[in-house]
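This report refers to the structure that appears directly beneath it.
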Amino acid sequence: MGSGTRPLGILPMVNRLQFVFEFVIASSMPLVSLEDFGPKTSSTLYALDSFRNYWNENERLIEKAAKLEAERNTPAWNPQTDDEHGEFRWEQQMARQFHDAVMTPTFRYSSIVMLYVIIERELLRVVANLDPSRSLKFERKGSSVLDPVAQFCEANFQLRLQNAPDYQAVCDLQKVRNCIVHCRGDVSLSRDMKYLIQLKGRRIGFYAWEELQIDIESECIDQFLRETWHFFVWIFNNLKWKIDDSWNGKKWISCESVPKR
C-alpha cells in the first residue's frame, strides 16, 4: 500500500456508533405509554424491536464506513498484468481491513451478547408479572436464567417453555453467547465445542471450526432476532396476555424470510 494511504480512523467510527445508538433509542420512543399496548407484553416487544433497529442501523453504518475508506484509498494506478491485478485487489481489500476484520466481527459478537441479555431480562420480567407479590418460590442457581424460569413456569403455571417452537433457538443463542463471553469466541476453548461445530450445519450465517474463532454473518443475528420475537409471542399467547395488533405490522418479524439449512 502506498505511503500516501490515510490511517484508518477508530474514534470517528466509535463516535458514530454511539450517536446512532442514542438516536435510534430517542427517535423510537413511543408517543403514548407502552402500557396502552399490553401492560405485560409491550416492554418486551419494544425492547426487541428497538434492539433490532439499533443492530440494523449499525450494520449499515459500518459497511458505509468501510466502502468510504476503500474509496479514499483505492490505488492510484492501473494494473496491466495478472500479478498487478492481484496486487491491486490486495490493496483494495487492505483499505477495508479494519472494518472487515475488526469492527464488523466485534460488533456482531457484542450484538449476540446484548440480545441474550435482553432475553434474560425479559424472562425475569415474565416471572415478575406472573408473581407480582413474589409469593411463589423462584430459585436461581448459578448465573443461568433460562432453566430456572422454565422450571418456575412449568411448576406453577403448567407452561412448559421447552414446547415453544423457538426454544431450541434460544438455547443455540446461549451456547454462542457463552463462547463469546467466556472464550473470546475461540471454539477450541469452549466446553460446547462439538455443539458449536455441529451448529454451523443448521444455522445460516454461523461458522465454527476447531482451532478458530466463530464467525457470525448478519443473517445469523437476523434469524436469532426473529426466533426470539416468536419465542416471547408464544409465551404471551399461552399465558393469554394481550398483544396489541400494531406489533403484528412489523415486517421484520416474519419467519418466512429466514432461511434454514
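Things worth noting here:
- Of all residues in the range 158-186, those satisfying the criterion of being among the hydrophobic types (A, V, I, L, M, F, W, C) and either assigned to a helix (DSSP H, G or I) or under 14 Å from Thr228 (Cα atoms) (or both) are Leu161, Ala164, Ala169, Val170, Cys171, Leu173, Val176, Cys179, Ile180, Val181, Cys183.
- Among residues of the range 60-73 that are closer than 14 Å to Met94 by Cβ, those with a Cβ under 7 angstrom from a residue that is modelled with pLDDT of 80 or more and in a helix (DSSP H, G or I), sequence gap 6+ or separate chain, pair up as Ala66/His99; Ala66/Asp100; Glu69/His99.
- Among the residues of the range 186-203, the ones that are farther than 13 Å from Leu173 by Cα, at pLDDT 95 or above and of a type outside the set (Ser, Thr, Tyr) come to 8 in all.
- Lone qualifier among Met103, Met114 - being under 19 Å from Tyr207 (Cβ atoms) and within 26 Å of the chain's Cα centre (by Cα): Met103
- Residue in the range 78-89 that is more than 29 Å from Cys179 (Cβ to Cβ), exposed (fewer than 15 other Cβ atoms within 10 Å of the Cβ) and in contact (Cβ under 8 Å) with a residue 40 or more places away in the chain present: no
- Any hit, the range 187-195, residues being free of Cβ contacts under 8 Å to residues at least 12 places away in the same chain, crowded, with 17+ Cβ neighbours inside 10 Å and not in a helix (DSSP H, G or I): no
- In the range 29-43 there is at least one residue that is at pLDDT 75 or above and crowded, with 19+ Cβ neighbours inside 10 Å.
- Of all residues in the range 162-186 being closer than 24 Å to Phe107 by Cβ and among the small types (Gly, Ala, Ser), the one that is surrounded by the most Cβ atoms within 10 Å (Cβ to Cβ): Gly185
- Taken together, the residues in the range 110-157 that are among the aromatic types (Phe, Trp, Tyr), part of a helix (DSSP H, G or I) and more than 22 Å from Phe51 (Cα to Cα) amount to 2.
- Pairs are defined by a Cβ separation below 7 Å, a sequence spacing of at least 6 or placement on different chains, a first member in the range 172-183 that is hydrophobic (A, V, I, L, M, F, W, C), and a second member that is surrounded by fewer than 20 Cβ atoms within 10 Å (Cβ to Cβ) and in a helix (DSSP H, G or I); the pairs so defined are Ile180/Val113; Val181/Val113; Cys183/Leu189.
- Residue among Val24, Val20 that is of a type outside the set (Phe, Trp, Tyr), modelled with pLDDT under 90, closer than 22 Å to Ala101 by Cα and within 23 Å of the chain's Cα centre (by Cα): Val20
The values are calculated or read from the model by the stated rules, or taken from the named source; none is laboratory data. Since we're looking at a predicted model, the values are computed, not measured. All Cβ positions, even for glycine, are placed from backbone atoms using ideal geometry, and neighbour counts span all protein chains on display.
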